[in-house]
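Colleague: Starting off with a structure, shown below.
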Amino acid sequence: MTISEAASWLRAHDDYLIITHRRPDGDTLGSAAALVRGLRACGKTAYIFKNEETTSKYLGFVSPFLAPDGFEFRSIVSVDVASEGLFPKGSEHLLGRTDLAIDHHPSNTLYAALTCVDGSKAACGEMIYDLLIELNGDIDDDTAAALYTAISTDTGCFAFGNTTHNTFRCAALVTEKNIGLPELNRVLFRTKSRGRLELEGTVMAGIRYYYGGRVAITSITKALMDRTGCTEDDMDDIAAIPGAVEGVWCGITMRELSSETDVKISVRSGNLFNSNEFCSKFGGGGHAMASGASFKGITLETLLGMLLEELDNIFLPQGYSR
């Protein structure tokens, strides 16, 4: 669907339940909060499905809109969710029932009855902005703050390679509103806990290089998280560290989640390596320069071996040895 078609569909329906993705970031949560505000502004009933993994940094945006017990929804809309495998904990009863998916991931699996996907957008928040302008003609200050959070966090404060002229256009328009920009930027990008700084030092020291320095891989264990006292609040953009090294085409962060055999990878790259294609080999996906995949029942050591085998297929034919 186009944005205009999606807006028409939203006008024709009501009683919305908005779904965000597992381990939610600023884009999915900011987009959800903005969409609820916009739907309510045009007389609709809308709530957000409670995502238990929401961190304190973003909780203020969504907490006023969490669905109450017994809410009888009639329409389910997902935002920034590429596949049903990314639905949050406790939403199993909603699988197969999504009416509309609004997403900017090219890897979207088309799980919804209707899909509005635009892979050219750096953030789902850009799509939500256009959608709300189509619906209501304008946005209020609080909606603008939610959209700025969505757009700015998914672009690394406009530093990532996915940032486009449209990203800056949306950012300019939302910052025309009174969003408290200096304080919002401070909270989103310039505040770190002591535990996060300690964790960063360990992550940097643990980087290993392969293929003549073109691949950098590091890991974060559950034990390290416990030792530093870090929580999900401290994990924003941690995956960018190995990819920031000069000469690295592909930076991979391996991380233990709930146990030593519940692990994930976050891959960041430039235009010489396609992160999405690489992660798709393991059932994951995302964007060409930022993707991820999750694994069950394997350790970080086993995972490293799997990654290197796949990387061999890419780099050895180019003459780069491990």
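Throughout, read-outs are computed from the coordinates displayed, never taken from laboratory work. None of these values were measured; they are calculated from a predicted model. For neighbour counting, all protein chains shown are included, and Cβ atoms are generated from backbone atoms with ideal geometry for every residue, glycine included.
Colleague: Below 8 Å between Cα atoms, with a sequence gap of 6+, how large is the relative contact order for the chain in percent?
Modeller: 13 percent.
Colleague: What are the GluC sites (Glu not before Pro) within segment 1-79 that DSSP puts in a loop, where the Cβ has at most 10 other Cβ atoms within 10 Å?
Modeller: Counting only loop positions with at most 10 other Cβ atoms within 10 Å, the GluC sites (Glu not before Pro) in segment 1-79 are 52, 72.
Colleague: By DSSP, what percent of the beta bridges with both residues in segment 127-257 are antiparallel, rounded to the nearest 5?
Modeller: Looking only at bridges with both residues in segment 127-257, the antiparallel portion is about 35 percent.
Colleague: While we're here: Can you tell me the order of 13-20, 280-287 when each peptide is scored by its average per-residue count of other Cβ atoms within 10 angstrom, highest first?
Modeller: 13-20, 280-287
Colleague: What does the charge count near residue 114 come to, summing +1 for each Lys or Arg and -1 for each Asp or Glu among other residues with Cβ under 12 Å from its Cβ?
Modeller: So the surrounding residues net to -3.
Colleague: So, with +1 on the Cβ of K and R and -1 on the Cβ of D and E, and no other charges, what is the size of the charge dipole of segment 194-318 about its Cα centre, to the nearest 20 debye?
Modeller: Here segment 194-318 has a charge dipole of around 140 debye.
Colleague: For segment 194-318, what is the percent of antiparallel DSSP beta bridges, rounded to the nearest 5?
Modeller: 75
Colleague: Something else: Once Rh for segment 57-199 is found with the Kirkwood sum over Cα pairs, what is the Stokes-Einstein diffusion coefficient at 10 °C and 1.306 mPa s, in µm²/s?
Modeller: Answer from the Stokes-Einstein relation: 95 µm²/s.
Colleague: Something else about it: Percent relative contact order of segment 212-258, based on C-alpha pairs within less than 8 angstrom and at least six residues apart?
Modeller: Over segment 212-258, the number comes to 58 percent.
Colleague: Please say if segment 135-199 is rounded, prolate or oblate, where rounded means a/c under 1.5 for a ≥ b ≥ c the square roots of the C-alpha gyration tensor eigenvalues, and otherwise the choice is prolate for a/b larger than b/c and oblate otherwise?
Modeller: Cα axes put segment 135-199 in the oblate bin.
Colleague: Helix check for the chain. Which DSSP H runs span at least 15 Å along their own axis by Cα, with a mean Kyte-Doolittle hydropathy no less than 0.0?
Modeller: Once both thresholds are applied, what remains is 26-41, 124-136, 141-154, 300-315.
Colleague: Rg/Rh for the chain to two decimals, with Rh computed the Kirkwood way over all alpha-carbon pairs.
Modeller: Value, to two decimals: 0.97.
Colleague: Set the Förster distance to 30 Å, then compute FRET efficiency between residue 202 and residue 1 from the Cβ-Cβ distance, nearest 0.05.
Modeller: 0.10
Colleague: Let me make sure I get this right: for segment 188-230, a, b and c are the square roots of the gyration tensor eigenvalues over alpha carbons, sorted descending. Under 1.5 in a/c it's rounded, otherwise prolate if a/b > b/c, else oblate. Which is it?
Modeller: oblate
Colleague: Relative contact order of segment 5-59: what whole-number percent is it, with Cα pairs under 8 angstrom and at least 6 residues apart?
Modeller: RCO, segment 5-59: 44 percent.
Colleague: Among DSSP beta bridges whose residues both lie in the chain, state the antiparallel percentage, nearest 5.
Modeller: Given both bridge residues lie in the chain, the antiparallel proportion sits at roughly 50 percent.
Colleague: Where does each of 170-182, 92-104 land if you order them by average Cβ count within 10 Å, highest first?
Modeller: Going from most to least packed, we get 92-104, 170-182.
Colleague: With each run of n ≥ 4 DSSP H residues scored as -39500 (n - 2.57), what mean residue ellipticity at 222 nm is computed for the chain after dividing by its residue count and rounding to the nearest 500 deg cm²/dmol?
Modeller: Estimated from H runs of four or more residues: -11500 deg cm²/dmol.
Colleague: If you don't mind, there's one more thing I want to ask. Please compute the modelled spin-label separation between residue 244 and residue 281, points set 7 Å along Cα→Cβ, answer in nm with one decimal.
Modeller: 2.7
Colleague: Let me check I have the definition right: for segment 194-318, take the eigenvalues of the Cα gyration tensor, multiply each by 5, take square roots. What are those semi-axes in whole Å, largest first?
Modeller: 23, 16, 13
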